[in-house]
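Enquirer: First, the structure itself, so that you have it in front of you.
Just so it is clear, none of the values below were taken in a lab; they were calculated from the coordinates. Quick caveat, the model's predicted, so the values are computed rather than measured. Neighbour counts are summed over all protein chains in view; Cβ atoms, including those assigned to glycine, are modelled from backbone coordinates with ideal geometry.
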Amino acid sequence: MKWDWNAVSDFMPMFWHGLLVTLEALALGAVLAFVLGLVWAMMQRSEHAAVRWPVMAVTEFVRNTPLLVQLFFLFYVLPEWGLTLSALTTGVIGLGLHYSTYTAEVYRAGIDGVPVGQWEAATALSLPRARTWFAVILPQAIRRVVPALGNYVVAMLKDTPMIFVIGVLEMLGEARQYSAQTFHTVEPITIVGIAFIVISYPASLLLRVLERRLVR
Amino acid sequence: MSADSSPSKETVNPAVDGSELIRFDKVTKRFGGNTVLDSLDFTVSSGKHVTLIGPSGSGKTTILRLLMTLIKPDEGTIKVGGEYLTHEDRGGSLVPAGEKHVREVRKHIGMVFQQFNLFPNMKVMRNITEAPMHVLGLSRDEAEERARELLDLVDLTEHADKYPTQLSGGQQQRVAIARALAMRPQVLLLDEVTSALDPELVAGVLDVLRDIAHSTDITMLCVTHEMNFARDISDDVLMFDAGRVIESGSPEKIFSEPDHERTRQFLSAVL
Ligand SMILES: Nc1ncnc2c1ncn2[C@@H]1O[C@H](COP(=O)(O)OP(=O)(O)OP(=O)(O)O)[C@@H](O)[C@H]1O
Ligand SMILES: [Mg+2]
């Protein structure tokens with residue numbers, strides 16, 4: 001198979017569009033994973049078993065089933081229940097929900113790492129629960145787990161091509177579409193592969209620096 | 001009860017009139033099968049400085065932690081300023097206290113920990129203003145003014161903008177004292193507050209506490225192995241053994257001519 005530079009330049013407009021969609025899905029998915037994961041982690045610390053147990057069950061379930069299955073489920077089953085979302089929104093929810101079960105574990109480790117004396121001091125000062133969480137515990141807990149959270153963003157980046165299965169034209173989707181139209185496969189796939197490396201490798205390096213800075 | 005209807009209302013009579021401020025009534029505390037406090041009764045009058053002494057494991061820390069609501073009694077009741085701390089009087093019957101009630105009564109109690117437990121993510125100033133602003137509802141200006149007065153009292157005025165880790169242990173403990181006092185508690189609980197410090201830093205902390213003991217009417221409940229300090233500041237000394245008060249009295253009495261052999265043994269071991 002011959003490398004065709006014309007195919008490269010021909011593919012670029014579609015690539016840029018796909019890149020944008022990938023980054024959009026990644027950014028929104030990551031935000032969702034960060035927020036939801038935090039909610040899970042805090043709920044798992046609830047004093048009420050009626051809160052802890054369902055959260056535990058749901059997160060275990062989601063973590064232990066394939067993202068691909070979850071994406072199909074969201075895409076085909078939610079509309080049955082009258083909830084029709086765009087493919088991208090569905091993809092973002094799928095990615096965010098799936099990864100929230102991992103970030104929940106990360107937060108949990110961070111929260112467990114805060115000395116019990118911090119909780120006791122907050123109690124001794126009668127700080128309201130929200131202040132205890134948001135002003136005392138979480139700033140200490142999250143600082144330590146920023147690199148671990150970042151690792152999951154990189155992992156999520158590598159999972160973004162999966163949302164192609166529900167019809168989102170992210171980078172891989174655009175490449176597939178381009179090759180279906182032109183029968184040029186090597187060029188678009190190679191470009192997409194390079195794009196993943198170009199994004200994720202510096203991100204990993206950055207995380208290593210952060211790790212050295214934040215985790216002591 | 002008033003505590004339910006108006007959270008900001010003072011539920012503890014703030015007047016220092018020598019009346020009973022703390023009452024333990026048949027308090028039992030177990031950890032697993034280990035009964036640490038066995039039907040303990042004791043009272044502390046308001047304004048008094050009381051030191052708890054006794055051998056390791058006798059339950060001194062447990063008493064302070066019960067008062068701070070860090071742990072719950074298995075049996076018995078604790079009252080602070082006439083209000084039940086762990087229970088609520090609902091139509092004549094005692095039920096376990098709700099969160100709101102506990103908060104209200106607990107506001108009048110402050111504690112300084114052996115390990116300081118300052119919030120490392122906050123500067124000294126915010127360590128002190130955090131609770132007055134978010135619990136008492138003081139404005140930032142009011143809280144900072146209060147904090148500056150207290151920093152002056154503990155001799156750390158120039159350290160307001162540092163993080164706790166930038167301070168020595170003795171300085172951190174003085175910040176912790178200021179932080180507890182900023183809530184204007186009626187009772188200050190001190191659990192071996194100098195035992196985590198390097199020896200040369202102990203005196204500075206004890207001086208501050210002496211100063212507070214002599215210049216305020218705050219009630220103090222103090223666990224310490226610093227017997228000279230205990231002698232200086234205490235109105236009463238309670239000697240604990242195996243979760244019971246076996247002897248109490250003025251420091252002169254307890255330290256010079258205790259009635260109990262057990263007290264004598266203990267003192268000769270620590271002095
Ligand atoms: N959280 C806990 N779980 C199990 N046992 C505990 C716990 N806290 C205290 N104890 C036990 O309760 C007993 C009394 O402990 P406490 O800390 O009140 O003693 P203390 O008088 O403060 O001793 P020290 O002088 O060593 O500080 C000890 O036997 C201790 O092992
Ligand atoms: Mg102790």
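Enquirer: Region A:139-202 to region B:80-140: how many Å between their Cα centroids?
Expert: 50 Å
Enquirer: For chain B, what does the alpha-carbon gyration tensor say about shape, rounded, prolate or oblate, given a ≥ b ≥ c as the root eigenvalues, a/c under 1.5 as rounded, and a/b over b/c as prolate? Display every interim value, and only then the final one.
Expert: Numbers: a/c = 1.77, a/b = 1.09, b/c = 1.62.
It comes out oblate by the Cα gyration axes.
Enquirer: Order of B:PHE266, A:PHE11 from fewest to most other C-beta atoms within 10 Å?
Expert: On the way: B:PHE266 21, A:PHE11 25.
Neighbour counts put them in this order, fewest first: B:PHE266, A:PHE11.
Enquirer: How big is D for region B:115-184, in µm² s⁻¹ as a whole number, if Stokes-Einstein is applied with the Kirkwood radius of its Cα pairs at 4 °C and 1.567 mPa s? Let's see the in-between values first.
Expert: Working: Rh = 11.5 Å.
Stokes-Einstein gives a translational diffusion coefficient of 113 µm²/s.
Enquirer: Can you find, among B:LEU70, B:ALA143, B:LEU209, the residue sitting farthest towards the positive end of the charge dipole of chain B, where Lys and Arg contribute +1 and Asp and Glu -1 at Cβ?
Expert: The listed residue farthest towards the positive side: B:LEU70.
Enquirer: Still on this structure, please answer the following. Karplus couplings for region B:68-78 from phi (6.51 cos²θ - 1.76 cosθ + 1.60, θ = phi - 60°), rounded to Hz, Gly and Pro as x?
Expert: Those phi angles translate into 7, 6, 7, 9, 10, x, 7, 9, x, 10, 10 Hz.
Enquirer: Let me ask something else about it. Positive end of the charge dipole of region A:15-171 (Lys, Arg +1 and Asp, Glu -1 on Cβ, about the Cα centre): tell me which of A:LEU38, A:ALA141, A:PHE61 has its Cα farthest that way.
Expert: After comparing all options, I get A:ALA141.
Enquirer: Now for a separate question. Give the separation of the Cα centroids, region B:175-225 to region B:159-173, in Å.
Expert: Centre-to-centre distance over Cα atoms comes out at 16 Å.
Enquirer: Related question: Averaged over A:123-135, how many beta carbons belonging to a partner chain fall within 10 Å of each residue's beta carbon?
Expert: Working: counts 7, 18, 17, 16, 6, 4, 1, 1, 5, 1, 0, 0, 6.
For this peptide, the per-residue mean of nearby foreign Cβ atoms is 6.
Enquirer: Per-residue Cβ counts within 10 Å, from other chains only, averaged over B:119-130: what number is that?
Expert: Values: counts 10, 7, 11, 3, 0, 0, 0, 1, 2, 0, 0, 6.
Taking all residues of B:119-130 together, the mean is 3.
Enquirer: Taking the Cα centre of each part, how many Å lie between region A:82-120 and region B:16-50?
Expert: If we compute the Cα centre of each part, the gap is 44 Å.
Enquirer: A follow-up question, please. Under a point-charge model restricted to the Cβ atoms of Lys and Arg (+1) and Asp and Glu (-1), what is the dipole moment magnitude of region A:15-171 relative to its Cα centre, in debye to the nearest 20? Don't skip to the answer; put the middle values down first.
Expert: Numbers: 9 positive and 9 negative charges, 83 e Å.
It works out to roughly 400 debye.
Enquirer: Another one. Charges only on Cβ, +1 for Lys and Arg, -1 for Asp and Glu: so what's the dipole of region B:44-102 about the Cα centre, in debye to the nearest 20?
Expert: Details: 7 positive and 6 negative charges, 46 e Å.
So the dipole magnitude of region B:44-102 works out to roughly 220 debye.
Enquirer: Shifting gears a bit: Can you pick out the pairs among B:LYS48/B:LYS162; B:LYS48/B:LYS107; B:LYS26/B:LYS100 whose Cα atoms lie more than 29 Å from each other? All intermediate terms of the calculation are to be shown ahead of the outcome.
Expert: On the way: B:LYS48/B:LYS162 34 Å; B:LYS48/B:LYS107 19 Å; B:LYS26/B:LYS100 24 Å.
Violating the 29 Å Cα-Cα cut-off are B:LYS48/B:LYS162.
Enquirer: I'd like the antiparallel share, as a percent to the nearest 5, of DSSP beta bridges with both residues in the protein assembly as shown.
Expert: 60 percent
Enquirer: So what's the net charge close to A:ALA122: Lys and Arg +1, Asp and Glu -1, counting the other residues with Cβ under 11 Å from its Cβ?
Expert: On the way: positive: A:ARG129, A:ARG131; negative: A:GLU120, B:GLU130.
Around A:ALA122, the charge tally is 0.
Enquirer: Provide B:LYS79, B:LYS100, A:LYS2, B:LYS72 in ascending order of the number of other Cβ atoms located within 10 Å of each residue's Cβ, fewest first. Intermediate values should be presented prior to the final figure.
Expert: Numbers: B:LYS79 19, B:LYS100 11, A:LYS2 7, B:LYS72 14.
With the fewest neighbours first, B:LYS79, B:LYS100, A:LYS2, B:LYS72 line up as A:LYS2, B:LYS100, B:LYS72, B:LYS79.
Enquirer: Quick one: Karplus J couplings for region A:111-123, per residue in order, coefficients 6.51, -1.76, 1.60, θ = phi - 60°, nearest Hz, x for Gly and Pro?
Expert: My calculation for region A:111-123 gives 5, 5, x, 7, x, 4, x, 5, 5, 5, 5, 5, 5 Hz in order.
Enquirer: Counting other beta carbons within 10 Å of each Cβ, put A:TRP133, A:TRP3 in order, fewest first.
Expert: By the 10 Å Cβ count, ascending: A:TRP3, A:TRP133.
Enquirer: Another question, if that's okay. What is the magnitude of the charge dipole of the protein assembly as shown about its Cα centre, with +1 placed on the Cβ of each Lys and Arg, -1 on the Cβ of each Asp and Glu, and no other charges, expressed in debye to the nearest 20? Mind showing how you got there, number by number?
Expert: Details: 45 positive and 55 negative charges, 226 e Å.
Taking the Cα centre of the protein assembly as shown as origin, the dipole is about 1080 debye.
Enquirer: A further question on this structure: Compute the Cα gyration tensor for the protein assembly as shown, then decide on rounded, prolate or oblate, letting a ≥ b ≥ c be the square roots of its eigenvalues: rounded whenever a/c is under 1.5, prolate when a/b is larger than b/c in the other cases, and oblate in all that remain. All intermediate terms of the calculation are to be shown ahead of the outcome.
Expert: Details: a/c = 3.08, a/b = 2.42, b/c = 1.27.
Prolate is the answer for the protein assembly as shown, as a/c is 1.5 or above and a/b outweighs b/c.
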